Amino acid sequence: MFPLDVRLGTAFFGVAGKGLNMTDNSDAMPMSEPGFQRKLGTICIFGTGDFGRSLGLRLLQAGYGVVFGSRNPKNSSLLPKGAQVLSHTEAAQTSRLIFVAVHRENYDFLREAGREMLAGKVLVDVSNNLKRNQYPESNAEHLSKLVPAASVVKAFNTVSAWALQSGGLDANRQVLLCGDNSEAKQMVLGIAHSLGLTALDKGSLRAAGEIEDYPLQLFPLWKLPVVVATGLTAFIFFYVLAYDVIYTAVTTGKDTSFRIMVSLANKVFPIVSLIMLALCYLPGVMAGFLQLYNGTKYRRFPNWLDRWMLCRKQLGLIALALATLHVLYTLLIPLRYYVRYRYNTWTISQIKLNKTEAFDNAIAWRKDSYYSIGILGFAFYILLGITSLPSVSNTINWREFRFIQSKLGHLTLFLCTLHTFIYGWDRFLRPSVYRWYLPPAHMLALVVPCIVLVLKFVLITPCVDRAITRIRQGWERKPTASMSNGDAKGSRPLLL
């Protein structure tokens, strides 16, 4: 992909560069300097920090000439080989496009460089702030007011110096940009493509604030899923702690606290995983019933439901991680000292009594079914996780993605729920399992999944499915005559 992107960017610039005149004054910079080769034009970079140096190196590798503007032109030991370093005023004369790779607090030097000299230039602002809403206006808008005769484009602030050094293979490769001058944006788009990066035009310079806030976000879609997972894990842990360890200590005086490390963990992780998986599909089911109730798809969902639906992927990935831990803990069980001790003790007792238990065909079926369905459920779990990766989801069309994430997703939920049902079997009928009148923890795990599966079954029944399909195709239920005439007291037609 990288060579293809470079060729596309080079081809673009070869056409667009002729009309845009990337290099204003080629005589202002000696082209015979050792190691310097001009291929696609000259680009100026104000700033010799980490990002400026990394950007300059990538530009040189792509075939551009690079000139750095610095307060101290003599200090060039860290700059990439093949680049020149001049004063800001001299460097600005070598190119029409200038990357401003300095902090907002240091923009004042642009006044010293002279507004007339920067007139007609394209200034690419790559700065970020330390916190959101740090200033009343975005850095790019401030730069535009500072140098009104130049065309300011906000870009490259979402790409780190590490991404530039690694060739964009190990980090974000998307460049978000905005600006009021379409010609200037096309120049920046061409550079991004020639560096093997993807570019997304976000519109006018008014979007600069949103672009500048983007790098400051810390997993925005993960906050709610992490909070939900943490809360569920804490609740289920203390529940099984009271049910298994504390109850045994109070009633028999035995210390079974060693079970916390493996036994209790292997109960908490699958329970939370199953609930989290059900929470992935519950908002979609609720949305279907809301559309049925409203009789239209053009009414917005509540904000809480919108937020819930946006983080379904993160809920599912956390559920997959917990399910993986459950599998690993289950494989560890035969190696545990406690399990081997109980098995040896039971075997010795059978030998002493000269007894052999008869083979129970029902138990064999139950155990094999329990393990087999669990393996199938986990396999589909992994498939859902893999197809949620951008590199995989981009290779399949929307119908295929929807089939896997929706149809196979509900099948995964059904298999994991059935796996839990078989684990519990008929134990819910035994009064002894209700310790302190509390049901076993696995019964709690079945509540939300069963609700989701029952509601989904209602939605896929032919009569309901036809109605939802019509609504999602644009059909709307018309208000009754009484409602449209305002006869019904307190009734109003649907607001779309």
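The values are calculated or read from the model by the stated rules, or taken from the named source; none is laboratory data. Everything numeric here is computed off the predicted structure, so don't read it as measured data. Positions of Cβ are backbone-derived with ideal geometry, glycine not excepted, and every protein chain shown enters the neighbour counts.
Find the residue count for segment 76-97, including only residues that are surrounded by 19 or more Cβ atoms within 10 Å (Cβ to Cβ) and of a type in the set (D, E, K, R).
Number satisfying all stated conditions: 1.
Here is a list: 126, 153, 159. Which entry is buried (at least 17 other Cβ atoms within 10 Å of the Cβ), over 17 Å from residue 58 (Cβ atoms) and not aromatic (Phe, Trp, Tyr)?
153
I'd like to check something: does segment 320-336 contain any residue that is basic (Lys, Arg) and part of a helix (DSSP H, G or I)?
no
Here are some conditions: (1) modelled with pLDDT under 95; (2) of a type in the set (Val, Ile, Thr); (3) under 15 Å from residue 284 (Cβ atoms). Residue 448 meets all but one. Which one does it not meet?
All conditions are met except number (1).
Which condition does residue 333 not pass, out of (1) more than 37 Å from the chain's Cα centre (by Cα); (2) modelled with pLDDT under 90; (3) surrounded by 12 or more Cβ atoms within 10 Å (Cβ to Cβ), if it passes all the others?
(1)
Do we have residue 274 as assigned by TED's automatic domain parsing to the domain that holds residue 446 and in contact with a Pro (Cβ under 7 Å, 6 or more places away or on another chain) here?
Spelling it out, residue 274 is indeed assigned by TED's automatic domain parsing to the domain that holds residue 446 and in contact with a Pro (Cβ under 7 Å, 6 or more places away or on another chain).
Residue by residue, here is whether (1) outside the structural domain of residue 227 (by TED's automatic domain parsing); (2) within 22 Å of the chain's Cα centre (by Cα); (3) over 23 Å from residue 260 (Cβ atoms) holds:
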position: 310; (1), (2), (3): no, yes, yes
position: 318; (1), (2), (3): no, yes, no
position: 349; (1), (2), (3): no, no, yes
position: 364; (1), (2), (3): no, no, yes
position: 372; (1), (2), (3): no, no, yes
position: 380; (1), (2), (3): no, yes, yes
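Output the qualifying pairs, or none if there are none: Cβ atoms under 7 angstrom, residues six or more apart or on different chains, first residue in segment 244-269 and in the same structural domain as residue 323 (by TED's automatic domain parsing), second residue loosely packed, with under 13 Cβ neighbours inside 10 Å and in a loop (DSSP other than H, G, I, E, B).
Hits for this filter: 247/436; 248/254; 249/255.
Of these, 145, 131, which one is free of Cβ contacts under 8 Å to residues at least 12 places away in the same chain, basic (Lys, Arg) and in the same structural domain as residue 106 (by TED's automatic domain parsing)?
That would be 145, the only listed residue that is free of Cβ contacts under 8 Å to residues at least 12 places away in the same chain, basic (Lys, Arg) and in the same structural domain as residue 106 (by TED's automatic domain parsing).
What number goes with the only condition from (1) at pLDDT below 85; (2) in a helix (DSSP H, G or I); (3) buried (at least 18 other Cβ atoms within 10 Å of the Cβ) that residue 168 does not pass?
(2)
When you go through 160, 204, 151 one by one, which is the residue that is assigned by TED's automatic domain parsing to the domain that holds residue 100, out of contact with any helix residue (DSSP H, G or I) (no Cβ under 6 Å at 6 or more places or on another chain), at pLDDT 90 or above and not acidic (Asp, Glu)?
204
Results for (1) modelled with pLDDT of 90 or more; (2) surrounded by 15 or more Cβ atoms within 10 Å (Cβ to Cβ), shown as yes or no for each residue.
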{"residue": "364", "(1), (2)": "yes, no"}
{"residue": "379", "(1), (2)": "yes, no"}
{"residue": "383", "(1), (2)": "yes, yes"}
{"residue": "390", "(1), (2)": "no, no"}
{"residue": "396", "(1), (2)": "no, no"}
{"residue": "403", "(1), (2)": "yes, no"}
{"residue": "415", "(1), (2)": "yes, yes"}
{"residue": "418", "(1), (2)": "yes, yes"}
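Just one of (1) hydroxyl-bearing (Ser, Thr, Tyr); (2) surrounded by fewer than 18 Cβ atoms within 10 Å (Cβ to Cβ); (3) over 23 Å from residue 63 (Cβ atoms); (4) touching a strand residue (DSSP E or B) at 6+ places or on another chain (Cβ under 8 Å) trips up residue 135, so point out which.
(4)
Would you check which residues across segment 92-146 are at pLDDT below 90, within 28 Å of the chain's Cα centre (by Cα) and either among the basic types (Lys, Arg) or in a helix (DSSP H, G or I) (or both) and list them?
131, 132
Yes/no per residue for (1) among the polar types (S, T, N, Q); (2) farther than 30 Å from residue 222 by Cβ; (3) touching a residue at least 60 places away in the same chain (Cβ under 8 Å):
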residue: 278; (1), (2), (3): no, no, yes
residue: 289; (1), (2), (3): no, no, yes
residue: 302; (1), (2), (3): no, no, no
residue: 306; (1), (2), (3): no, no, no
residue: 321; (1), (2), (3): no, no, no
residue: 340; (1), (2), (3): no, yes, no
residue: 344; (1), (2), (3): yes, yes, no
residue: 347; (1), (2), (3): yes, yes, no
residue: 351; (1), (2), (3): no, yes, no
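I want to confirm something. Restricting to segment 457-471 and keeping residues that are of a type in the set (Val, Ile, Thr) and within 15 Å of residue 294 (Cα to Cα), which single residue is surrounded by the fewest Cβ atoms within 10 Å (Cβ to Cβ)?
The residue in question is 469.
Could you list, in sequence order, the residues of segment 175-219 that are touching a residue at least 12 places away in the same chain (Cβ under 8 Å), within 25 Å of residue 134 (Cβ to Cβ) and part of a loop (DSSP other than H, G, I, E, B)?
180, 202, 203, 204
Could you check, for segment 293-315, whether at least one of its residues is more than 18 Å from residue 414 (Cα to Cα) and in contact with a Ser or Thr (Cβ under 7 Å, 6 or more places away or on another chain)?
yes
Residues in segment 217-258 that are closer than 21 Å to residue 316 by Cβ and aliphatic (A, V, I, L, M): how many?
Residues meeting the conditions: 10.
Tell me which residues, restricted to segment 312-330, are aliphatic (A, V, I, L, M) and surrounded by 12 or more Cβ atoms within 10 Å (Cβ to Cβ).
Those that are aliphatic (A, V, I, L, M) and surrounded by 12 or more Cβ atoms within 10 Å (Cβ to Cβ): 315, 317, 318, 319, 320, 321, 322, 323, 325, 327.
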